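K.L.:
Pasting a structure here, questions to come.
The values are calculated or read from the model by the stated rules, or taken from the named source; none is laboratory data. Model, not experiment: these values are computed from the prediction. Reconstructed Cβ throughout: ideal geometry from the backbone, glycine too, with neighbour counts over all protein chains shown. Side chains included, ligands, DNA and RNA excluded: accessible areas come from the protein's heavy atoms. Shrake-Rupley method; radii C 1.70, N 1.55, O 1.52, S 1.80 Å.
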Amino acid sequence: MSLKKTAHTDKPFSTPIKSITRETPDSITIFVNFVIDGKKPIIKPGQFIMVWIPGIDEVPMAVSYALENGDIGFTVKDVGEATHSLHNLEIGDIIGIRGPYGNGYQVREGYSVIVGGGIGMASVKLLIDLVQKKMTHHYSVIVGARTKKELLYLPELEKNCPKSQLFVCTDDGSYENKGFVTELLKEILPWIKERSGAQKITIYACGPEIMLKKILLFCNSNNIELEASLERYMRCGFGLCGLCIVDPLGIKICQNGPVLTSAILNELDDFGRFHRDETGEKIRIDSHYE
Amino acid sequence: MSIAGLRFKSPLILASGILGVSPSTMHILADYGMGGVTTKSIGPIKTNGYKNPSIIGLNNDTFLNAVGLANPGISAFEHEISEIKTKERLVVIVSVFGRSPQEFANVAYLAEQAGADAIEMNISCPHDDVSTIGVDPNLTYKYVNTVRKRISCPLFVKLTPNVTDITKIGQSAEKAGADALVAINTVSALAIDIHTKRPILSHGIGGLSGKAIKPIGIKHVYTLFKSVSIPIIGCGGIFAYEDVIEYFFAGASAVQLGSCLYYGYDIITKIHDNLFRYMETHEYNTISELTGLAHTHENEG
């Protein structure tokens, strides 16, 4: 009810595309300015925005870049009608942005392991930037994708992340380790434990929900905290439509999430199993994502 | 507090279209102080509704939506109704719609069979064809009467404010057998983005809810109170207990909350506790003592 001191809007803020960066053959990052009435946005790592593509659709997107001048960037993988139309836009074209929404990752004391699977890297990108800025913070990063060409932000990561702290895997083995991030995680656990010493370990992860579910089980059996970012269909982004709710806790992914902790994830029957479509009907995730 | 023989543990009811799909959420809302919940409007078959943007916020706690009655269809929703019903002392109202009187009646019947305590007819969604029913007294009578004959549980009818004279519609619904009226549904409205020169919602015209529409809701409840003898459930722009009292004074016996849930579940408890504190301070024992009090002054001046 109070006036927000930083940029926030629930009505699409029309802004022209300032630049477009090619990340992978099917992913681009779109940059726009998000300064409203002189107020700059403060984006917490893991928060998202709703992106309006006039005449097409409006979709939630993780914020991957937040610059000093109030510019923000989001990475889009060409997977459907809305994202395909975003790929067809040019510099100067107007899109609408509202938000930021969601809780974001809570950066905790201790040792951080940041895991991004495929386009899930877009959600943890700002978190990686943040832990890299905090020189004292001990961390490692695990990046996974189906193939080398799909690895997101790889050049930037290889530049900014000490070699010993960056782990890369590809499903087809076309770059570094062959296999899934969950397998790599298991493999390097002794190393992480050694590096972390007595510190508490937290894994921050985003990627396909099946991957997140496997990571939760891994965390449970190794006494590691997890913060994972989930994706659900949503209309409003601010807690009214109810389509993003996960049962049985009634957690709203848009407001209480998208980042959920182990304690909550362990209580969610829906996690890795069900989501609701745009009609509100519960659908099995297995059939939807695979 | 009771309406049409249904006992509500609190006069606060969840409005249709807000959060109304997940049983767990409905149960949480009850824990925070809702006496009843109204589901999303359910129709005969699964409907995808309109594309996004379908819900946006405007200034000052006011929202514009055109969801297009997206719903999973009654057959997929029956087990959700049964699940919502497992909560003790929570009145479950299922909002229904259809493309003909018979379709309305069939959905209402199936919802009642699945456990609904009451049926709310949506003849007033401003961005769908069902709104053509709620602006016509004869159609309203026909639809309401057909549903009335098919179900035995209490029947509520939600009215549109987008009419010249709401009392004619309310009277038709009452004559056709409605047990209570819900006023108001959203107000037909439009927002245009001046940079792209196009309506923001994918459907264009939508329904306005939130703070801006409260005076419209209060006015319609006020005029209905003088024209019908069945209870009125006030709805539109309630964000604080004072708004609830205003609706009671206008003539409401209970209220529905929707857009205020933008502020999370806690706002329900806040409204609930402050309302009962007010009643205690002013020595009111029942809500019926507050209902319609503003009318005692209408012949003054």
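K.L.:
Just checking the output field for B:20-33: average partner chain Cβ neighbours within 10 Å of each residue's Cβ?
P.N.:
Average per residue, whole number: 4.
K.L.:
Compute a Gaussian network model of chain B, connecting alpha carbons closer than 10 Å, and tell me which residue from B:GLN113, B:GLN256, B:GLN171 fluctuates the most.
P.N.:
With Cα springs under 10 Å in chain B, the top fluctuation among B:GLN113, B:GLN256, B:GLN171 is at B:GLN113.
K.L.:
If you don't mind, another one. Can you work out the PRE-style zone for B:ASN48? Point 7 Å along Cα to Cβ, and I want the residues of region A:50-93 with backbone N under 11 Å.
P.N.:
Hits in region A:50-93 for B:ASN48 at 11 Å: A:81.
K.L.:
Could you provide, to the nearest whole Å², the per residue accessible area of chain A with probe 1.4 Å?
P.N.:
Per-residue accessible area for chain A comes out at 42 Å².
K.L.:
Ignoring ligands and nucleic acids, what accessible area does A:THR21 show with a 1.4 Å probe (Å², nearest 10)?
P.N.:
60 Å²
K.L.:
Once phi is turned into ³J(HN,Hα) by the Karplus curve 6.51 cos²θ - 1.76 cosθ + 1.60 with θ = phi - 60°, what whole-Hz value does each residue of region B:82-96 show in order, with x for glycine and proline?
P.N.:
Residue by residue, region B:82-96 yields 4, 5, 4, 5, 6, 7, 5, 6, 10, 7, 9, 10, 9, 7, 10 Hz.
K.L.:
If you average the C-alpha positions of region A:144-177 and of region B:65-90 separately, how far apart do those two centres end up, in angstrom?
P.N.:
45 Å
K.L.:
After finding the eigenvalues of the alpha carbon gyration tensor for the protein assembly as shown, what semi-axes result from the square roots of 5 times each, listed largest first in whole Å?
P.N.:
47, 24, 22
K.L.:
Same structure again: Give the lysines reachable from B:LYS219 as a straight Cα distance under 24 Å; neighbours fewer than 8 places away on the same chain don't count.
P.N.:
Correct list for B:LYS219: B:LYS158, B:LYS168, B:LYS175, B:LYS211.
K.L.:
Another question, if that's okay. Nearest 0.05, what FRET efficiency do A:ASN222 and A:ASP78 give at R0 = 35 Å with Cβ-Cβ as r?
P.N.:
0.45
K.L.:
Which entries of A:LYS282/B:LYS270; A:LYS77/B:LYS46; A:LYS39/A:LYS134 have Cα-Cα distances beyond 27 Å here?
P.N.:
A:LYS282/B:LYS270; A:LYS77/B:LYS46
K.L.:
Expressed in nm², what is the orientationally averaged projection area of the convex hull enclosing the Cα positions of chain B?
P.N.:
It is 15.3 nm².
K.L.:
Here's a follow-up. Connecting C-alpha atoms closer than 10 Å in a GNM of chain A, tell me which of A:ILE215, A:ILE36, A:ILE251 has the biggest fluctuation.
P.N.:
A:ILE36
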